[in-house]
Amino acid sequence: MPANARTLTLNLFLNHAGHHEAAWRHPSTQPDALFTPDYYVRLARRAEAAKLDAVFFADGPVLHGGVEHNAVGGLEPLLTLATIAAHTERIGLIATASTTYYEPYNLARLFATLDHLSGGRAGWNVVTTSSAAAGANFGLDAHPDPEVRYARAEEFLEATTRLWDSWEADAVLVDRAAGRYADPSRIHPAAFAGEHLSVAGPFNAARTPQGRPVLVQAGASNTGREFAARWAEAIFTAHQRIEDAQAFYADIKSRALDLGRDPEQVKILPGISPFLGSTEAEARALEEELNELSVPAYGLQQLSGQAGVDLSGLDLDAPVPLEIFAGAGDVTDNARSRFQVVAGIVQRERPTLRRLLHRLAGARGHRVVAGTPEQVADTIEDWFVAGAADGFNVMPPALPAGLDAFVDHVVPILQARGLFRTEYVGTTLRDHLGLDVPENRYTAARAADGAGRPALAQA
């Protein structure tokens, strides 16, 4: 493909035994291996062999409900990705971490360490945590409101990026003859003080191979969109229809431009969960097989939590009452933004409750496609070409079989069409995504005023 051709981003979204809630019951999966390193290393190496951009872990500091009927819970993403880093060479490593339940200095260290140890492959999926149960796990009387969480997140990003900029690229000298390891004039305090947090600094590690880890965000609420347009270099999102995805894509790119950013430096990546078969009928049979393994009580618990109404007394085979979703409206909380996706399904399709539970069982509101490899590749290409996506988070319904089917049969089609790489052209996650290395603020300031910055005060 031409060197300047626009190419797809494809990430593997790792989720337990797969993204279908009943995947752990399917004989093709390995639920007894979910807390073992070999399981995740094997999946990551399979994705790397197919030249995928990154592996991605979602996370939350709480045990979500429904553990009786689903393989919820999981390993901590950063440690898991550090293990994967030791067994891979090129694939990006994206972990979710909360600005509400970390502090900037320790989280900056964790991601900087992953970036150094992996040779520049780290990415941070920035979340504020929507689960109301999380607060009690951290000694809080209540989970902070969305407005407070986003205000803290803004300060958190300012503080962490200052810490990552603390060491300029030329700070480390390793001048053995002169006895100088580093140049103190190139090391700066973060010196951040806000309403919600403060950080003195300087950072205690050199600038990372990528300058800083890639910043990812997954919010679709009004507040989340503005936050993403300001900070994110990749945005994970959920859409059922191409027209909704196009509207979101255009909105985020426009917001980024208004903030003085290059829209091409913001990648929009919806989720797609592909059921694959040699025929469409075979793919739909696999989807139905997994749907029939789902436990209605689990799906009802999840949907009731979204709707804020107990749905357990409703008839599974009657249409979902429209009034349950009448309040989807205009929301500011990302947890409610997914509620809007579900409301759209109900309003357009008028499904029975059982059918709605099956629709959500596959990928929790993300786009589910059942078909042949060519049909799945067509969907990916259509959204990519039509300005609905820069790529996708691939969400196999069952692992490892769903990943194997995608990389063996869909990826070669996309490569043959010139839409996806056949080899990595760089070594870092920024290389894969086509993202620039961010300029160090202190280096930029010195270049702008032509003067050296004052040396760091020595103890």
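The values are calculated or read from the model by the stated rules, or taken from the named source; none is laboratory data. Just so it is clear, the model here is predicted, and its values are computed rather than measured. FYI the Cβ positions are ideal-geometry reconstructions off the backbone, even for glycines, and counts take in every protein chain you see.
Residues in the stretch 1-43 that are among the hydrophobic types (A, V, I, L, M, F, W, C) and either surrounded by fewer than 24 Cβ atoms within 10 Å (Cβ to Cβ) or at positive phi (or both): Met1, Ala3, Ala5, Leu8, Phe13, Trp24, Ala33, Leu34, Phe35, Val41, Leu43.
In this structure, does Ala190 turn out to be more than 26 Å from Ala5 (Cα to Cα), touching a helix residue (DSSP H, G or I) at 6+ places or on another chain (Cβ under 6 Å) and not in a helix (DSSP H, G or I)? So Ala190 passes the test. Looking at (1) crowded, with 18+ Cβ neighbours inside 10 Å; (2) among the hydroxyl-bearing types (Ser, Thr, Tyr); (3) part of a helix (DSSP H, G or I), which is the one condition that is false for Thr83? Only one criterion is unmet by Thr83, namely (1).
Only one residue in Asp145, Asp165, Asp175 is buried (at least 16 other Cβ atoms within 10 Å of the Cβ) and acidic (Asp, Glu). Which one?
Criteria check complete, one pass: Asp165.
Please find, within the stretch 253-269, the residue that is nearest to Ala398 (Cα to Cα) out of those that are in contact with a helix residue (DSSP H, G or I) (Cβ under 6 Å, 6 or more places away or on another chain) and not basic (Lys, Arg). That would be Ile268.
Quick grid of which residues meet (1) modelled with pLDDT under 95; (2) assigned to a loop (DSSP other than H, G, I, E, B):
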site: His116; (1), (2): no, no
site: Ser130; (1), (2): yes, yes
site: Gly135; (1), (2): yes, no
site: Glu155; (1), (2): no, no
site: Leu173; (1), (2): no, no
site: Tyr181; (1), (2): no, no
site: Phe203; (1), (2): no, yes
site: Arg225; (1), (2): yes, no
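Selection of the stretch 192-214 for residues being of a type in the set (D, E, K, R) and farther than 24 Å from Ala54 by Cα yields only Glu195. Quick check on Val346: is it at pLDDT below 90, touching a His at 6+ places or on another chain (Cβ under 9 Å) and part of a helix (DSSP H, G or I)? For Val346, the condition - at pLDDT below 90, touching a His at 6+ places or on another chain (Cβ under 9 Å) and part of a helix (DSSP H, G or I) - is not met.
Considering only residues that are surrounded by fewer than 18 Cβ atoms within 10 Å (Cβ to Cβ) and either of a type outside the set (Gly, Ala, Ser) or in contact (Cβ under 8 Å) with a residue 60 or more places away in the chain (or both), look in the stretch 86-104 and name the one that is nearest to His196 (Cα to Cα). Out of the qualifying residues, it is Glu103. Checking each residue in the stretch 55-69 for being within 18 Å of Ser131 (Cα to Cα) and either touching a Leu at 6+ places or on another chain (Cβ under 6 Å) or crowded, with 16+ Cβ neighbours inside 10 Å (or both) picks out Phe57, Ala58, Asp59, Gly60, Pro61, Val62, Gly65, Gly66.
Taken over the stretch 253-271, the criterion of being out of contact with any Ser or Thr (no Cβ under 7 Å at 6 or more places or on another chain), closer than 16 Å to Thr237 by Cα and in contact (Cβ under 8 Å) with a residue 60 or more places away in the chain is satisfied by Gly271 alone. Screening the candidates Arg186, Arg212, Arg230, Arg180 for the property of being among the charged types (D, E, K, R), over 16 Å from Val266 (Cα atoms) and surrounded by 14 or more Cβ atoms within 10 Å (Cβ to Cβ) yields one hit, Arg186. Among the conditions (1) within 27 Å of the chain's Cα centre (by Cα); (2) outside any loop (DSSP other than H, G, I, E, B); (3) exposed (fewer than 15 other Cβ atoms within 10 Å of the Cβ), the only one that Phe248 does not satisfy is (3).
Restricting Ala377, Ala386, Ala405, Ala401 to residues that are of a type in the set (A, V, I, L, M, F, W, C), modelled with pLDDT of 95 or more and surrounded by fewer than 17 Cβ atoms within 10 Å (Cβ to Cβ) narrows the list to Ala386. Among the residues making up the stretch 134-157, those that are closer than 24 Å to Ala228 by Cβ and acidic (Asp, Glu) are Asp145, Glu147, Glu154, Glu155. Taken as a whole, the condition of being over 30 Å from Pro202 (Cα atoms) and either surrounded by fewer than 21 Cβ atoms within 10 Å (Cβ to Cβ) or of a type in the set (S, T, N, Q) (or both) applies to Asn393.
If the condition is being out of contact with any Lys or Arg (no Cβ under 8 Å at 6 or more places or on another chain) and of a type outside the set (Phe, Trp, Tyr), then the stretch 212-227 contributes Arg212, Pro213, Leu215, Val216, Gln217, Ala218, Asn222, Thr223, Gly224.
Restricting the stretch 12-67 to residues that are among the small types (Gly, Ala, Ser) and not in a loop (DSSP other than H, G, I, E, B), the residue that is nearest to the chain's Cα centre (by Cα) is Ala54.
Elements of the type helices (runs of 4 or more DSSP H) sitting completely within the stretch 350-423 and holding at least 2 residues that are out of contact with any Gly (no Cβ under 8 Å at 6 or more places or on another chain) and of a type in the set (Gly, Ala, Ser): these cover 401-405.
Residues in the stretch 297-316 that are touching a helix residue (DSSP H, G or I) at 6+ places or on another chain (Cβ under 6 Å) and either of a type outside the set (A, V, I, L, M) or surrounded by fewer than 13 Cβ atoms within 10 Å (Cβ to Cβ) (or both): Gly299, Gln306, Asp310, Ser312.
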